[in-house]
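Below is one structure; the comments refer to it alone.
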Amino acid sequence: MNDPQSDASHGMRRRRVLKAAVPLSVAATALSVSSARAQSQSTADNAPLPSGSYRIDVHCHIVPDFYRKSLAANGIVESGGVPFPAWSPTLAVDFMNRYGIQTQVVSVSEPGVMYLSSADDRVAMARRLNDYMSKDLAHTDAARLAGRFGAFAILPIGAPASAQDVAAAVVEVKRAVQELRLDGIGILSSYKGVYLGDPVFEPLMKVLDDLGVMVFIHPTTPQNYPDLNLPPFLYEFTFDTTRALVNMLYKGVYKRYPNIRWLAAHAGGTLPYVSFRTSLLTITPAIAQTLGIAGADDSSPAFRKLFYDTALSPAPQAMKSVRELAGTRHILFATDWPFSSALFPATGDPAPQLDETFTSGDRLKVERSNALAQFPALAKRLGA
């Protein structure tokens, strides 16, 4: 005959065992799901890169014939110490097809329109270049070019930048974004010694902030640089980009205009490597105040919010520094073609060095997804 007290005691023990087993089961299930997800993520991170043309190149240039002739007529035959290369839409598409690039977001390199002495001439040339990038490239009716181009508008700013130029630039920004439907704005790092944090640019910064556009900062040859008998693109371009980015930090541009998304060429010049050092006066505001410089807080958030391209900088020495500063999502693929043509003599992977920094999954973000996220109008045109 069973003992009711013993049966009750046995039942209680069984319920306690089952109750204890439930969280263990849940934990085991969670671990199993987590493990499956990790394995799936690992598989995705190490999956082969897509075949075909999928890359979005955010730093490349145009040199249409009418612009080349205007430059030559004014004695300008090189940029950054490099002769202007051959360029045409056909050559650009051929390059893209050889290196798995779906679309180039094109811009105008140094000297922009600074070489023109007349403000009216600068406006006319900037408008002509922007009309060309919109109608003949980004929004062309030509089937062979459809979906192959986006564009950063050029602004009619001279050297040095003046209030008159900036007023004209404000008008052209609105036209380029609202009427021409270009994908962003291109600007040079400095204009004959006038850097982007200068008060003369305040009206321009306000309209850029109001529109929330992506602004591509391309370097230019600075004034009075030490001549090492080497082309200035080799090193001075990187330094001038750094000067522009640091200048905007201490002039409060990032803080006053938080809606502007800045894309810094060539991995931000030297900024990722020197970002801590160049932030010291914001970290120690007492020193900044003594020097009469605005310094309120750590600059790292400002520099982390910038976007950086891989042009001429795919090696791990640069990319690991950028990734450490800003994260993978803020890095966008770029080639600097056609000025970099000598680096691309054949076909295949245009930046194999990226494998030393990124998994294949992260490379896909750098080479495509990040750009599509930052250029929604372009993504829509591509049906992505």
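For the stretch 228-255, a residue qualifies if it is aromatic (Phe, Trp, Tyr) and assigned to a helix (DSSP H, G or I), and the qualifying residues are Phe233, Phe237, Phe239, Tyr250, Tyr254.
Being open to solvent by less than 10 Å² (accessible area, probe 1.4 Å) and within 24 Å of Arg148 (Cβ to Cβ) is the requirement here; does Val113 meet it? Steps first, answer last, please.
Details: open to solvent by less than 10 Å² (accessible area, probe 1.4 Å): yes; within 24 Å of Arg148 (Cβ to Cβ): no.
It is false that Val113 is open to solvent by less than 10 Å² (accessible area, probe 1.4 Å) and within 24 Å of Arg148 (Cβ to Cβ).
Matching residues to (1) buried (at least 23 other Cβ atoms within 10 Å of the Cβ); (2) in a loop (DSSP other than H, G, I, E, B):
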| residue | (1), (2) |
| --- | --- |
| Phe303 | yes, no |
| Ala311 | yes, yes |
| Lys320 | no, no |
| Arg329 | no, no |
| Trp337 | yes, yes |
| Ala346 | no, yes |
| Ala384 | no, yes |
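Of all residues in the stretch 354-382, those satisfying the criterion of being outside any helix (DSSP H, G or I) and touching a residue at least 40 places away in the same chain (Cβ under 8 Å) are Thr357, Thr359, Phe375. Scanning the stretch 129-185 for residues that are closer than 18 Å to Ser109 by Cβ and among the hydroxyl-bearing types (Ser, Thr, Tyr) yields a total of 1. Gly186 satisfies every condition listed in (1) buried (at least 21 other Cβ atoms within 10 Å of the Cβ); (2) assigned to a loop (DSSP other than H, G, I, E, B) except (2).
Looking only at residues in the stretch 209-234 that are at pLDDT 95 or above and over 15 Å from the mean Cα position of the chain (by Cα), the one that is surrounded by the fewest Cβ atoms within 10 Å (Cβ to Cβ) is Asp210.
Cβ separations smaller than 6 Å between residues 6+ apart or across chains give no pair from the stretch 62-74 residues that are surrounded by 18 or more Cβ atoms within 10 Å (Cβ to Cβ) to residues that are assigned to a helix (DSSP H, G or I) and of a type in the set (Lys, Arg). Going by the structure shown, is Gly150 part of a loop (DSSP other than H, G, I, E, B) and either in contact (Cβ under 8 Å) with a residue 40 or more places away in the chain or over 24 Å from the mean Cα position of the chain (by Cα) (or both)? Taking the combined requirement at face value, the residue does not satisfy it. Criterion applied to Phe276, Phe237 was being open to solvent by less than 40 Å² (accessible area, probe 1.4 Å) and either basic (Lys, Arg) or farther than 21 Å from Val166 by Cβ (or both), and the one residue passing it is Phe237. The condition (being within 17 Å of His61 (Cα to Cα), of a type in the set (A, V, I, L, M) and out of contact with any strand residue (DSSP E or B) (no Cβ under 9 Å at 6 or more places or on another chain)) is satisfied by just one residue among Ala143, Ala86: Ala86.
Hey, does the stretch 133-143 have a residue that's surrounded by 15 or more Cβ atoms within 10 Å (Cβ to Cβ) and under 29 Å from Gln223 (Cβ atoms)?
Going through the stretch 133-143, the residues surrounded by 15 or more Cβ atoms within 10 Å (Cβ to Cβ) turn out to be 133-134, 136-140.
Among the residues that remain, those that are also under 29 Å from Gln223 (Cβ atoms) are: 133.
For the stretch 133-143, residues surrounded by 15 or more Cβ atoms within 10 Å (Cβ to Cβ) and under 29 Å from Gln223 (Cβ atoms): present.
Tell me, which residue of the stretch 350-362 that is of a type in the set (D, E, K, R) and closer than 14 Å to Ala315 by Cβ is most open to solvent (accessible area, probe 1.4 Å)? Among those that are of a type in the set (D, E, K, R) and closer than 14 Å to Ala315 by Cβ, it is Glu356.
The values are calculated or read from the model by the stated rules, or taken from the named source; none is laboratory data. If you're wondering where the values come from, they're calculated on a predicted model, not measured in any experiment. Cβ coordinates were reconstructed from backbone atoms using ideal geometry, including for glycine residues, and neighbour counts include every protein chain displayed. Areas reflect the complete protein model, heavy atoms only, side chains present, ligands, DNA and RNA absent. Shrake-Rupley method; radii C 1.70, N 1.55, O 1.52, S 1.80 Å.
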